[in-house]
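Colleague: This structure is in structure tokens; I'll ask about it shortly.
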Amino acid sequence: MDITPPEIVSYSPPHNAIMQTSCPVTICFSKSMNKDKTQKAFILVYGEFGDSSIKGNFAWSNNDTVMTFTPELPLSNGYYRLIIEKTACDTHNNTLVTQHISSFTIGLDTIPPEIQSLQPVDCSENIALNTSITITFSEPMDTASVEKNIRFSPSVDYTCIWDTANTILTITPYKPLLFNTWYQVDISKCQDMSHNMMIQPVTCRFRTGSEYIRPVITGLYTTSISQNMAQSENFIIYEGANVNDEIIITFNEPIDTSSITRSFSISPQANWDAYWDNSNQTCTIRFQQPLAVNTRYEIRINTNLKDVAQNTLLNDLDIYIVTSGNLSTIPSIYKLECISQEQKALTPLSVTDLGDESNENTTYEFTVQFSGPVLRNSIPDNIKIQCLYGEQPEISGNINQFRWIDDSQTLKLTIAAIEGGNVYKLTFKGGTDGIKSINGIPMQNDVWYIFYFHPVD
């Protein structure tokens, strides 16, 4: 009976060999071997500390004296240890006398890469929101292995740009980082061009924002309201604003001016533009059209308002103004008199008998007294005379002259072609296109007067 133990005659790669690329492992025995037990005794591990066991397939040749192991995946660059346990035996169950241990290296470069610098540095603060993250490696890197092994918390969408040597990676976020937030960057399992892997993962934490003082609204006024509305509680109502008022807002520090469009609102809605002083601490809101008369407006400045460091307003400011100021009075006709007839007053919306006509001519003078100054150029096209009916309806009346007396409140009208026996209607037009006050406020409705003279034979 055969009791001679088998021996390992040769093996490849040889002990301490440096192989440029991945290769199979071949073991030559002195005798035909028990394939199952010998394969179970075979161990190939990666790394000096046996970090991982390599899986693969076995093939036998030369009457089962040569065993070839082919890895499932190409061997990565690095250090490998080959072990054949004593349990490997021949077909008569004779085992090896001693355990076999040898080692070899795949790849000429076996030095693992390191991160030489990382910006921002760990635990840094006051980092700008538009900052980029820069990572410098000790050698050229497999860029794909790096990019898939970087993690941000909170998550960040970004682009990666490498230098020509593939040693410096610049990470640029698509949009600014969150204000006053701690970010953590984890980098691990990155490989160099020879597929050597980083030994230790690297973590970096940094805090965004250059300063952390929130902006404060120090003043809120309108042109007509001098009281500081920013110092009161929310939802207070302030009377006395005017339709052409501007809103002035002051702050304790420079403001990100673009944030005013997202934070300022007025209801009912009115279109407006914002104008800032040179320090960006005072904002003037100017409305594109006059506000409505005797209307309560809600003015709100919400927490979308930010200073230049992107600190937000702590609380909303919400107040009401009412356009009830003395410059927001709706104009009206206080009195209409026919001064040619001893200043006889006419009554609106009714028929007024002005007595006998004058035989000398058909021209009469009237005075119109408004409740306040009116816009003079809104008058000529908005006062009309017409004949309603009478003995000579073809004589329809004609306004010959508009003349202002002393101020813009009293108007003298000269009306010709007035015939006794005819009934006339004198109309003062109101509405958007009608007579307006000096502040551009229109009379609400048309006002008309009906009058006639008695014919004299």
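Colleague: Considering only residues that are buried (at least 20 other Cβ atoms within 10 Å of the Cβ), in contact with a Ser or Thr (Cβ under 6 Å, 6 or more places away or on another chain) and assigned to a strand (DSSP E or B), which ones fall in the range 301-320?
Modeller: Those that are buried (at least 20 other Cβ atoms within 10 Å of the Cβ), in contact with a Ser or Thr (Cβ under 6 Å, 6 or more places away or on another chain) and assigned to a strand (DSSP E or B): ILE301, LYS306.
One line per residue, one yes/no per condition, for (1) closer than 12 Å to VAL202 by Cα; (2) touching a Leu at 6+ places or on another chain (Cβ under 6 Å); (3) part of a loop (DSSP other than H, G, I, E, B); (4) assigned by TED's automatic domain parsing to the domain that holds TRP182:
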position	(1), (2), (3), (4)
GLU125	no, no, no, yes
THR131	no, no, yes, yes
ILE135	yes, yes, no, yes
SER145	no, no, no, yes
PHE152	no, no, no, yes
SER155	no, no, yes, yes
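Colleague: Tell me, yes or no, whether the range 104-120 has at least one residue that is of a type in the set (A, V, I, L, M), part of a strand (DSSP E or B), more than 30 Å from THR181 (Cβ to Cβ) and at pLDDT below 95.
Modeller: Within the range 104-120, one or more residues are of a type in the set (A, V, I, L, M), part of a strand (DSSP E or B), more than 30 Å from THR181 (Cβ to Cβ) and at pLDDT below 95.
Yes/no per residue for (1) over 30 Å from ASP245 (Cα atoms); (2) touching a residue at least 12 places away in the same chain (Cβ under 8 Å); (3) not assigned by TED's automatic domain parsing to the domain that holds SER224:
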site	(1), (2), (3)
GLN341	yes, yes, yes
LYS344	yes, no, yes
ASP353	yes, yes, yes
PHE366	yes, yes, yes
TYR389	yes, yes, yes
SER396	yes, yes, yes
ILE405	no, yes, yes
GLN409	no, yes, yes
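Colleague: Keeping to the range 243-273, report how many residues are in a loop (DSSP other than H, G, I, E, B), closer than 16 Å to VAL322 by Cα and either touching a Lys or Arg at 6+ places or on another chain (Cβ under 6 Å) or not assigned by TED's automatic domain parsing to the domain that holds ALA309 (or both).
Modeller: The number of residues fulfilling the criteria is 1.
Colleague: For the range 362-392, which residues satisfy the criterion of being surrounded by 15 or more Cβ atoms within 10 Å (Cβ to Cβ) and either on the phi > 0 side of the Ramachandran plot or assigned to a strand (DSSP E or B) (or both)?
Modeller: TYR364, GLU365, PHE366, THR367, VAL368, PHE370, VAL374, ILE383, ILE385, CYS387, GLY390
The values are calculated or read from the model by the stated rules, or taken from the named source; none is laboratory data. All values derive from a computational prediction rather than experimental measurement. With ideal geometry, Cβ positions are generated from the backbone for all residues, glycine too; neighbour counts draw on all protein chains shown.
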